[in-house]
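Scroll down for the structure; my scribbles are underneath it.
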Amino acid sequence: MAATLFTPLRLRGMELKNRIVVSPMCQYSSEDGFATDWHLVHLGSRAVGGADLILFEATAVSPEGRITPDDLGLWKDEHIAGLQRITSFITAQGAVPGVQLAHAGRKASVSSPWKGGEPVAAAAGGWQPVAPSALPFRPTDPKPLALDTAGLREVRDDFRAATKRALMAGFKVIEIHAAHGYLLHEFFSPLSNQRTDAYGGSFENRIRLLLEVTAAVRKSWPDEYPVFVRISATDWVDGGWTIDDSVALTRELKNHGVDLIDASTGGNVSDAKIPAGPGYQVEFAERIRQETGMPTGSVGIITTAEQAEEILASEQADLVLLAREFLRDPYFPLHAAQTLDADLAWPVQYERAKRQ
Ligand SMILES: Cc1cc2nc3c(=O)[nH]c(=O)nc-3n(C[C@H](O)[C@H](O)[C@H](O)COP(=O)(O)O)c2cc1C
């Protein structure tokens, strides 16, 4: 039987040729938000390696929305040309470029992991992080500023403007980052949102900003191109966001024209106990898919062709997203096709190496 991993998936007017996605991965290799040669080679290699959908890293919709001063951005028109160079290369390999649009919320203004990952003061090039409420992520972090009405409007406007720039830059999929304790997740999790206005309190209020952002993105994005939302399907903490909430949220997102839920978890509670292991987040993609009929992507410690195939063949998810395995092996899809005895075209330049 043909491997499901190498069957196409149709989403709106777009057909993905296979089910293997490069999961967004921050490279902390930008200055003032600009893409560099690093991005071209890093992302380009994965297109050469046979991935069909390549999601660019968390790309900030505003300077304050960056995690670190080294993040990629789409907050000004000048960013478009550098990104377009990369999307053109990816498209020329027959792959699909997508971008994860992000706002880091209270987790903003820290240094890159290899520079320590600690808060960066304004004097050292940092900025004031914003959040639903003035609650820091870690007790030792500076307090974020609670967004006011004008601030909320700016967030929606920034996502809308970045979406329009993404189209000009040649992207064909948008993923809204609403996971891992960044701004949109901070709003929907009761642990980080203590607002008493229309954006806090009830479930409907806490998901309001994400729905408004989604509506703004969907309206600015062509009908034939898909919109994904990455969520953290659970906070892994009593009293936090749950998988039942995620199912209810997905139903709302479906009504807002979202085409796929990328089901990750965690990131909003610094000391949460997460039972990480092979495929530990698959169950969340599966439940959301089963209970809502929404296509889902599964991510998290998926490292082998057989494991990826099993997730898809047993209909637990529609796509698999791989992050660290793609750092170990940019040619994962070419190798997976050999393992599963599927036919996947190699770049013509490499064909002489296809059979040993
Ligand atoms: C270097 C690195 C950077 C990451 N950056 C992002 C990011 O920009 N956006 C995001 O949603 N997740 C990010 N993640 C999380 C991955 O997309 C993925 O969800 C996680 O690593 C689990 O998948 P894996 O076990 O295949 O690595 C990052 C992970 C790594 C290793």
*asked:* Name the single residue that is farthest from GLY181 (Cα to Cα) among those in the range 126-157 being touching a strand residue (DSSP E or B) at 6+ places or on another chain (Cβ under 9 Å) and in a helix (DSSP H, G or I).
replied: GLY151
*With the condition kept exactly as written, say whether any residue in the range 117-138 is without any contact (Cβ under 8 Å) to a residue 60 or more places away in the chain, at positive phi and either among the β-branched types (Val, Ile, Thr) or crowded, with 19+ Cβ neighbours inside 10 Å (or both).*
no
*Flag if MET1 is modelled with pLDDT of 95 or more and either of a type in the set (D, E, K, R) or surrounded by fewer than 22 Cβ atoms within 10 Å (Cβ to Cβ) (or both)*: no
*Among the residues of the range 249-275, how many are within 13 Å of the ligand (Cβ to nearest atom), surrounded by fewer than 22 Cβ atoms within 10 Å (Cβ to Cβ) and within 19 Å of the chain's Cα centre (by Cα)?*
1
*Do you know which residues across the range 97-121 are within 21 Å of the chain's Cα centre (by Cα) and in a strand (DSSP E or B)?*
PRO97, GLY98, VAL99, GLN100, LEU101, ALA102, VAL110
*Taking interchain pairs and intrachain pairs at least six residues apart, which have beta carbon atoms under 6 angstrom, with the first residue in the range 311-338 and closer than 13 Å to THR7 by Cβ and away from the ligand (no atom under 16 Å from the Cβ) and the second assigned to a loop (DSSP other than H, G, I, E, B) and among the aliphatic types (A, V, I, L, M)?*
ALA337/LEU344
*Which of the residues belonging to the range 320-356 are more than 16 Å from ILE20 (Cα to Cα) and part of a helix (DSSP H, G or I)?*
VAL348, GLN349, TYR350, GLU351, ARG352, ALA353
*Only one residue in PHE89, PHE56 is within 16 Å of the ligand (Cβ to nearest atom) and outside any loop (DSSP other than H, G, I, E, B), so which one is that?*
PHE56
_Just the residues that are assigned to a loop (DSSP other than H, G, I, E, B) and under 17 Å from LEU11 (Cα atoms), please, taken from the range 237-260._
HIS256, GLY257, VAL258, ASP259
*In the range 213-243, how many residues are farther than 16 Å from ALA179 by Cα and either surrounded by fewer than 18 Cβ atoms within 10 Å (Cβ to Cβ) or not small (Gly, Ala, Ser) (or both)?*
13
*Could you identify the single residue in HIS185, HIS177 that is crowded, with 24+ Cβ neighbours inside 10 Å, within 14 Å of the ligand (Cβ to nearest atom) and not in a strand (DSSP E or B)?*
HIS185
_Qualifying residues in the range 1-42 (those that are in contact with a Pro (Cβ under 6 Å, 6 or more places away or on another chain) and of a type in the set (Lys, Arg)) - the one farthest from ALA337 (Cα to Cα)_ = ARG12
_Selection count, the range 196-240, where residues are in contact with a strand residue (DSSP E or B) (Cβ under 7 Å, 6 or more places away or on another chain) and either of a type in the set (Gly, Ala, Ser) or over 15 Å from VAL173 (Cα atoms) (or both)_ = 5
*Looking only at the range 293-307, and only at residues there that are within 12 Å of ALA323 (Cβ to Cβ) and surrounded by fewer than 21 Cβ atoms within 10 Å (Cβ to Cβ), the one that is nearest to the ligand (Cβ to nearest atom)*: ILE301
_Residues of the range 203-236 classified as not in a helix (DSSP H, G or I) and not hydrophobic (A, V, I, L, M, F, W, C), total_ = 9
_Some residue of the range 190-201 being crowded, with 16+ Cβ neighbours inside 10 Å, of a type in the set (A, V, I, L, M, F, W, C) and in contact (Cβ under 8 Å) with a residue 40 or more places away in the chain_ = yes
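The values are calculated or read from the model by the stated rules, or taken from the named source; none is laboratory data. Source: prediction; values computed, not measured. Cβ sites come from the backbone with ideal geometry, for glycine too, and all protein chains shown count toward neighbours.
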